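Asks: Below you'll find the structure I mean.
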Amino acid sequence: MSGVASAAGSARASTPAGIDPRGPRFAAWITSGLLVVALVLALAGTSTAVVAGSPTLPTLPAAERAGDPAFLVLLVIAALFAWSLVSPRTQPWSALFRRAVAPRLAPPAELEDPRPPRFAQLVGLVVVGAGLVLHLAGVPFALPIAVAAAFAAAFLNASIGLCLGCKLYVLLVRLAPR
Amino acid sequence: MDAPLALSIAAAFVALLVVVALVLRRRPARTRERDLAAAADDATPGRPEAPRAVDAELLGADRLGTSATLVQFSTAYCSRCPGTARLLRRIASERDGVDVVEVDVTARGDLANRFRLTTSPTVLVLDADGSPRTRFDGPPAPIAVERWLEAVAGVGA
């Protein structure tokens with residue numbers, strides 16, 4: 001007789017309800033678009049400004065650093081990441097997908113665990129947040145670098161479904177033996 | 001820098017990412033399938049020998065399958081794991097003597113290290129003695145699992 005043996009610790013007692021996997025991909029496309037805009041602004045803005053071989057960002061007052069359009073766009077992007085962590089269902093892209101996109105698609109073939117995409121949002125928030133903090137602290141080039149990194153992850157997720165957060169998680173499991 | 005240069009750099013970067021996506025797509029997070037017996041035959045000094053037989057206790061299970069065992073190593077945050085587990089259970093249910101053991105390695109770092117897990121899910125096909133015969137790093141295609149069960153234990157649906 002064939003059977004199923006579930007090893008101790010493998011039962012995920014509170015597995016949350018599955019979600020349509022196309023939802024997070026849709027959000028990743030929108031995020032990618034916003035990050036491209038932020039990238040152009042960051043490259044053209046105060047973060048990369050150099051005069052006579054010296055970056056000028058450190059000489060600017062904090063208010064001016066914060067007033068950089070790229071900084072503001074990135075702040076909005078960070079807020080969107082945070083929103084999806086705090087309240088995934090009300091997050092704009094999630095709601096937009098459910099209301100406008102999903103009804104036009106066939107029902108999903110399979111549902112996915114919502115926790116990995118949420119972990120990816122956290123990774124995005126950390127990367128973007130680091131860029132914001134460093135820029136505010138006057139570190140030149142921090143903004144375009146952070147945006148580029150976040151864009152790469154979001155774009156690869158959206159286009160080919162590559163989940164860097166999942167891989168990072170497995171790596172962390174191996175490095176932290178219990 | 002001025003706007004045209006900024007646009008050019010951004011465009012070049014996006015183009016680079018498109019190429020990366022196309023390249024990575026060609027081997028779609030290619031689930032790596034390894035014939036472990038063949039790898040053992042090639043064993044030369046310094047290369048890993050055939051993996052030792054696995055016992056049920058190591059995996060935290062009561063028993064292994066009498067014909068074969070499908071072992072899935074999962075982690076807590078793994079979007080492809082539930083689907084793979086469902087697939088393995090379906091395949092096992094269609095065959096006699098095939099058991100499925102799913103292990104959450106989040107709390108079993110020792111297993112993650114022993115089996116040198118690089119991704120989740122990782123699926124092993126064990127024969128009746130518990131010797132791993134093949135290993136999939138990533139979600140396996142159903143046909144590949146069925147082919148291996150046929151070869152390892154002669155169990156068809």
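Asks: For the stretch A:113-143, give me each residue that is among the small types (Gly, Ala, Ser) and in contact (Cβ under 8 Å) with a residue 40 or more places away in the chain.
Replies: A:Ala120, A:Gly124, A:Gly129, A:Gly131, A:Gly138, A:Ala142
Asks: Take B:Leu16 and tell me if it is assigned to a helix (DSSP H, G or I) and at pLDDT 90 or above.
Replies: So B:Leu16 passes the test.
Asks: Quickly run through the stretch B:48-59 and pick out the residues that are assigned to a loop (DSSP other than H, G, I, E, B) and either aliphatic (A, V, I, L, M) or at pLDDT 85 or above (or both).
Replies: B:Ala50, B:Ala53, B:Val54
Asks: Of all residues in the stretch B:108-127, how many are more than 18 Å from B:Asp35 (Cβ to Cβ) and at the interface with chain A (Cβ under 8 Å from one of its Cβ atoms)?
Replies: Count: 8.
Asks: May I ask you to list the residues in the stretch A:59-75 that are in a loop (DSSP other than H, G, I, E, B) and open to solvent by 40 Å² or more (accessible area, probe 1.4 Å)?
Replies: Residues of the stretch A:59-75 in a loop (DSSP other than H, G, I, E, B): A:60-61, A:68.
A:Pro61, the sole residue that qualifies.
Asks: OK, next. Of the conditions (1) among the hydroxyl-bearing types (Ser, Thr, Tyr); (2) within 12 Å of another protein chain (Cβ to nearest Cβ); (3) in contact with a Pro (Cβ under 7 Å, 6 or more places away or on another chain), A:Ser94 fails just one. Which one is it?
Replies: All conditions are met except number (2).
Asks: Within the stretch A:12-58, restricting attention to residues that are among the hydrophobic types (A, V, I, L, M, F, W, C), in a strand (DSSP E or B) and more than 23 Å from the chain's Cα centre (by Cα), which residue is farthest from the other protein chains (Cβ to nearest Cβ)? Reasoning before the result, please.
Replies: Filtering the stretch A:12-58 for residues among the hydrophobic types (A, V, I, L, M, F, W, C) gives A:13, A:17, A:19, A:26-30, A:34-44, A:49-52, A:57.
Add one more test, that the residue is in a strand (DSSP E or B), and what stays is A:19, A:50-51.
Checking which are more than 23 Å from the chain's Cα centre (by Cα) leaves us with A:50-51.
Details: A:Val50: 8, A:Val51: 12 Å.
Only one residue tops the list, namely A:Val51.
Asks: Could you tell me whether B:Val105 is buried (at least 16 other Cβ atoms within 10 Å of the Cβ), touching a Leu at 6+ places or on another chain (Cβ under 7 Å) and within 7 Å of chain A (Cβ to nearest Cβ)?
Replies: yes
Asks: Ok, one more. For B:Ala92, indicate whether it is surrounded by 13 or more Cβ atoms within 10 Å (Cβ to Cβ), at pLDDT 95 or above and of a type in the set (Gly, Ala, Ser).
Replies: Judged against the criteria, B:Ala92 is not a match.
Asks: What are the residues in the stretch B:65-79 that are more than 8 Å from every other protein chain (Cβ to nearest Cβ) and buried (at least 23 other Cβ atoms within 10 Å of the Cβ), if any?
Replies: B:Ala68, B:Thr69, B:Leu70, B:Val71, B:Gln72, B:Phe73
The values are calculated or read from the model by the stated rules, or taken from the named source; none is laboratory data. Keep in mind the model is a prediction, meaning the values are calculated, not measured. Cβ atoms come from the backbone with ideal geometry, glycine included; neighbour counts cover every protein chain shown. Protein only, heavy atoms only, side chains kept; ligands, DNA and RNA dropped before computing areas. Shrake-Rupley method; radii C 1.70, N 1.55, O 1.52, S 1.80 Å.
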